[in-house]
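Below is one structure, written out as structure tokens, with a few remarks after it.
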Amino acid sequence: MLSRALLRRHTVLPGFDLALGFALLYLSLIVLVPLSAAFLKTFTLTWSEFVEATTTPRVLASYRLTFGASLLAALLNALFGLVTAWVLVRYRFPFKRLVDALVDLPFALPTAVAGVALTAIWAENGWLGRWLPFKVSFTPLGVWVALVFIGLPFVVRTLQPVLEDIDRELEEAAATLGASRRQTLARVVLPILMPALLTGFALAFARALGEYGSVIFIAGNLPMVSEITPLLIITRLEQYDYAGATAIAVVMLVAAFALLLLINLLQAWSRKRQGGL
């Protein structure tokens with residue numbers, strides 16, 4: 001009992017009260033104050049002005065593109081991020097460390113550089129775009145390509161430590177009991193990975209919603225066609241329509257919070273279901 005009391009008293013970090021105070025202060029300055037400013041500026045609008053600012057045809061078109069492309073990009077990254085993480089954890093092959101480092105490239109690469117590079121590759125005269133029978137750059141498809149590029153690392157890096165901790169004896173036991181590879185994957189591996197997979201999906205989706213730098217170059221930014229919501233917010237700010245810009249931002253913020261809450265509820269349900277099995 002004495003040793004436990006000494007460990008609690010002589011911790012590396014400050015005590016709970018002081019550490020909690022620092023954490024809340026930091027979060028307030030970095031997160032809560034900017035978000036509160038957006039809401040306070042939006043409250044200067046009447047309800048009818050808020051509805052008018054956030055439901056014009058141009059704004060609705062940007063919502064459809066931003067949320068739709070982000071969702072599709074996150075779904076694709078969830079699938080191929082799982083495959084990529086599985087390969088990096090379970091197999092040995094030449095240049096494995098190089099491939100593992102390339103996964104982090106979207107983290108390290110400036111978003112503007114990524115946008116220019118993707119545009120050059122997928123343009124009609126680009127390395128890959130010239131061989132395609134359809135256009136990628138300056139279309140909604142280009143927006144989706146950029147969001148896939150920046151979202152993949154979130155899924156891979158979330159799944160890797162979980163895959164490394166999975167005991168392979170579970171898979172061997174399932175095979176011994178007569179389970180096929182598909183059954184082992186569906187009933188043994190995926191239930192363990194599901195919370196991490198949902199987390200990676202949520203992170204990729206949230207990052208895609210707010211992405212700006214890598215998208216504006218490849219999107220073409222045509223109103224009603226390939227204009228994303230973050231660009232529309234910037235446009236409103238350049239027009240000194242601060243209340244209109246924050247109104248659109250608040251809609252994006254509330255929608256993102258609602259979707260992330262839903263994903264967190266799914267994670268909790270998955271963990272509860274896994275614990276009950």
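Computed from the coordinates by the stated procedures, all read-outs in this text should not be read as laboratory data. As the structure is a computational prediction, the values presented were derived from the model and not from experiment. Cβ sites come from the backbone with ideal geometry, for glycine too, and all protein chains shown count toward neighbours.
What nm distance separates the two modelled labels at Ala120 and Leu185, each placed 7 Å from Cα along Cα→Cβ?
3.7
Counting Lys +1, Arg +1, Asp -1, Glu -1, what net charge surrounds Val136 among other residues with beta carbon under 13 Å of its beta carbon?
Within the 13 Å Cβ shell, the charges total +1.
For Ile233, Ile218, what ranking results if the residue with the fewest other Cβ atoms within 10 Å of its Cβ goes first?
Ile233, Ile218
If you put +1 on each Lys and Arg Cβ and -1 on each Asp and Glu Cβ, how big is the dipole of the chain around its Cα centre, in Debye rounded to 20?
The calculated dipole for the chain is roughly 720 debye.
What spacing in nm lies between the two simple spin-label points modelled at Trp47 and Tyr26, each 7 Å away from Cα in the Cβ direction?
Distance between the two pseudo-spin positions: 4.1 nm.
Across the range 69-84, in residue order, what do the Karplus-derived ³J(HN,Hα) couplings come to in whole Hz, using 6.51 cos²θ - 1.76 cosθ + 1.60 with θ = phi - 60° and x for Gly and Pro?
Here the 3J(HN,Hα) series is 5, 5, 5, 5, 5, 5, 5, 5, 5, 4, 5, 7, x, 5, 4, 5 Hz.
Give me the net charge of Ala245's neighbourhood, meaning all other residues with Cβ under 11 Å from the Cβ of Ala245; Lys, Arg count +1, Asp, Glu -1.
Local net charge: 0.
Within the chain, what is the longest stretch that has no chymotrypsin sites (Phe, Trp or Tyr not before Pro) placed in a DSSP loop and near at most 11 other beta-carbon atoms within 10 Å?
Details: sites that count: Tyr91, Phe95, Trp127, Phe134, Tyr240.
Counting at most 11 other Cβ atoms within 10 Å as exposed, the longest clean stretch of the chain is 135-239.
How many angstrom lie between the Cα centre of the range 84-154 and the Cα centre of the range 175-235?
The range 84-154 and the range 175-235 have Cα centres separated by 14 Å.
Could you list Arg130, Arg157, Arg236 in order of exposure, starting from the residue whose Cβ has the fewest other Cβ atoms within 10 Å? Let's see the in-between values first.
Numbers: Arg130 10, Arg157 16, Arg236 20.
The order, fewest Cβ neighbours first, is Arg130, Arg157, Arg236.
If we count other beta carbons within 10 Å of each Cβ, what is the order of Arg271, Arg58, fewest first?
The order, fewest Cβ neighbours first, is Arg58, Arg271.
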